[in-house]
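Beneath this line is the structure, given in structure tokens, with notes to follow.
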Amino acid sequence: MKKTSSDNAAFMSQNAEYPPSGYSWYVVGVLYLVYTLSFVDRAIIGYLVDPIRADLNINDFQFSLLQGLSFTVLYSIMGIPLGRLADSRSRRGQLAAGIALWSIMTVLCGKAGGFWSLFFARMGVGIGEACLVPCAYSLISDYFPREKRSLPLNVFSSGIMFGTLAANVLGGLVTQYTFNAGPMEIPLLGHVKPWQLSFVLVGLPGILFVLAMSSVKEPSRKEKSGQADIKSTVRYLLKNWQTYGSIIGGTTFGAMTNGAILGWIVPWFSRRYEWSNVMIGSYLGTYSFIFGSLGILISGFLANRYIGAGRKAVYIKLMMTAQALVLIPIALAHAVDDPFWVLWCVGGTIFFGGVSASLGPASLQSITPNEMRGQVTAICFLILNLVAMNVGMSTVGLLTTYVFADDLMVRSSAVIVGFIASLLGVITLRLGLRAYERTAEDHNSNQRILK
């Protein structure tokens, strides 16, 4: 039977119960695939390091600016106002517009003919993707009650792991195809080189995901303690600065570890072991998907179980444990010099890295009032991306280019940055443990009063 406008109004009513579990998981599936697409579009450039360097006559440090800074500068900054919109306007509509924008800008990367034109096109990709995480986390939090929320949030977060698989497998296949095909003429874009065609091919499927968003309903907002207001959000963050500083800092350092290793894994294997892009993509994509998904899903399962058992500070304790354990595979990745053993070490790094990547944002949802979640999530990713993708990835390029002055030493640079970042993550999380417990208790008490 066709739904009427009154049916939809009832669905969105402030007093509505949580939507049916089956449909809620369908929405998680759609958002999972959208997250996957976003990662493919942002990560394809990692397979084009040497062709872009040669064509634009730049070094590793300059390329790191194209890979990191160009994307993250507006991705991070625009996340704040877009997060504000996610707390007060239609999240579904914002997501559809964002997907359309980043897909178009990815295609336009295929028209870039110089450093700055590619830089600005990548900035456009960042603006489009800036709305995704605040809107998605806010949506999922309104589709599931608190005690069942960890797993769906972690499943969504695992989209970045499937995105890694897709980016690596498709990255290898697409770049091999484009370089075998050679330069060609594309309608509306004109003459494109092989590396430019790679951007076009991964950007075009975005139109399908814009259409998919029409099947997602805007749920009613739950667990609200007031109206969305930037001043209230700032006051709340300042009041709980130790808690949020610890979670955001720990999540950021965890992302820096992943960025240092995964952001430079392609040149690491192509330069040191002379692997082809297809071979790197097949192995790395498979390892990333398996180990990353396991880390995210297992940590989500453990979080749900421990929270259900009444344990305190579950998120931050699991994150702290993971960031301590990840030091082992990072160190081993430099100690061994066999590519297949290194892949196992990278897999371990991805497994533990997935814990912070998923539980950090999930922990923010558990202690933040509904009307502030989009803004707080955006602030988290503002800091995370500015530090992890800019400072982290650029430091690897800087060490390789200006300290070691040897392209083959990208391995050492990546391991140094990743190891130090993980140590800082453990310290940051431990310093905020008690503050997190107090904030969580205060938030839960307020929710019980509102009920």
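Have a look at Leu82, Leu108 and point out the one that is among the aliphatic types (A, V, I, L, M), assigned to a helix (DSSP H, G or I), within 21 Å of Lys193 (Cα to Cα) and out of contact with any Gly (no Cβ under 6 Å at 6 or more places or on another chain).
Leu108
Would you check which residues across region 238-295 are without any contact (Cβ under 8 Å) to a residue 60 or more places away in the chain and either touching a helix residue (DSSP H, G or I) at 6+ places or on another chain (Cβ under 6 Å) or polar (S, T, N, Q) (or both) and list them?
Within region 238-295, no residue meets the criteria.
(1) touching a residue at least 60 places away in the same chain (Cβ under 8 Å); (2) more than 21 Å from Ala388 (Cα to Cα); (3) part of a helix (DSSP H, G or I): which one isn't true of Ala97, the others all being true?
Among (1) touching a residue at least 60 places away in the same chain (Cβ under 8 Å); (2) more than 21 Å from Ala388 (Cα to Cα); (3) part of a helix (DSSP H, G or I), the lone unmet condition for Ala97 is (1).
Taking region 144-175 on its own, how many of its residues are part of a loop (DSSP other than H, G, I, E, B) and crowded, with 17+ Cβ neighbours inside 10 Å?
3
Starting from region 40-56, keep only residues that are part of a helix (DSSP H, G or I), then list their pairs with residues that are at pLDDT below 80 whose Cβ atoms are within a distance under 6 Å, requiring at least 6 positions of separation or different chains.
Close Cβ pairs (under 6 Å, with a partner that is at pLDDT below 80) amount to Val40/Gly163; Val40/Ala166; Val40/Ala167; Ala43/Ala167; Ile44/Gly171; Tyr47/Gly171; Tyr47/Thr175; Tyr47/Asn277.
Please name all residue pairs, on different chains or six or more residues apart, with Cβ atoms under 7 Å, provided the first residue is in region 310-326 and is over 18 Å from Leu423 (Cα atoms) and the second residue is open to solvent by 60 Å² or more (accessible area, probe 1.4 Å) and in a helix (DSSP H, G or I).
Partner pairs satisfying both residue conditions: Val314/Tyr306; Val314/Ile307.
Would you mind telling me which numbered condition in (1) without any contact (Cβ under 8 Å) to a residue 40 or more places away in the chain; (2) surrounded by fewer than 24 Cβ atoms within 10 Å (Cβ to Cβ) Thr178 fails?
Against the list (1) without any contact (Cβ under 8 Å) to a residue 40 or more places away in the chain; (2) surrounded by fewer than 24 Cβ atoms within 10 Å (Cβ to Cβ), Thr178 comes up short only on (2).
Output the number of residues of region 281-327 satisfying the condition of being under 25 Å from Gly172 (Cα atoms), of a type in the set (Gly, Ala, Ser) and crowded, with 20+ Cβ neighbours inside 10 Å.
Residues flagged as under 25 Å from Gly172 (Cα atoms), of a type in the set (Gly, Ala, Ser) and crowded, with 20+ Cβ neighbours inside 10 Å within region 281-327 amount to 6.
For region 194-222, how many residues meet the condition of being in contact with a strand residue (DSSP E or B) (Cβ under 9 Å, 6 or more places away or on another chain) and open to solvent by 40 Å² or more (accessible area, probe 1.4 Å)?
Count: 0.
Between Tyr273, Tyr283, Tyr287, Tyr315, which is over 24 Å from Phe162 (Cα atoms) and of a type in the set (Ser, Thr, Tyr)?
Tyr273
Quick one: would you say Thr368 is under 24 Å from Phe269 (Cα atoms) and out of contact with any His (no Cβ under 6 Å at 6 or more places or on another chain)?
No, not satisfied.
Scan region 378-414 for residues that are among the aliphatic types (A, V, I, L, M) and within 18 Å of Val49 (Cβ to Cβ) and report the count.
10
Residue check, Asn57 against (1) farther than 21 Å from Val387 by Cα; (2) of a type outside the set (Lys, Arg); (3) open to solvent by less than 40 Å² (accessible area, probe 1.4 Å), all met but one. Which one?
(3)
Do you know which residues across region 68-97 are open to solvent by less than 20 Å² (accessible area, probe 1.4 Å) and under 19 Å from the mean Cα position of the chain (by Cα)?
Our first condition is that a residue be open to solvent by less than 20 Å² (accessible area, probe 1.4 Å); within region 68-97, this holds for 68, 70-72, 75-76, 79, 83, 86-87, 91, 95.
Result: Gly68, Ser70, Phe71, Thr72, Tyr75, Ser76, Gly79, Gly83, Ala86, Arg91, Leu95.
Is it fair to say Gly353 is surrounded by 21 or more Cβ atoms within 10 Å (Cβ to Cβ) and under 19 Å from Met256 (Cα atoms)?
Here the answer is yes, as Gly353 does meet what is asked.
Look at region 73-97 and say how many of its residues are modelled with pLDDT under 80 and β-branched (Val, Ile, Thr).
Residues meeting the conditions: 1.
Go through (1) under 28 Å from Met319 (Cβ atoms); (2) at pLDDT 80 or above and name the single condition Arg221 misses.
All conditions are met except number (2).
The values are calculated or read from the model by the stated rules, or taken from the named source; none is laboratory data. What you see is a predicted model, and the numbers here were worked out from it, not measured in a lab. Every residue, glycine among them, receives a Cβ derived from its backbone with ideal geometry; neighbour counts consider all protein chains shown. Note: accessible area is taken over every heavy atom of the protein model, side chains too, but ligands, DNA and RNA are not part of it. Shrake-Rupley method; radii C 1.70, N 1.55, O 1.52, S 1.80 Å.
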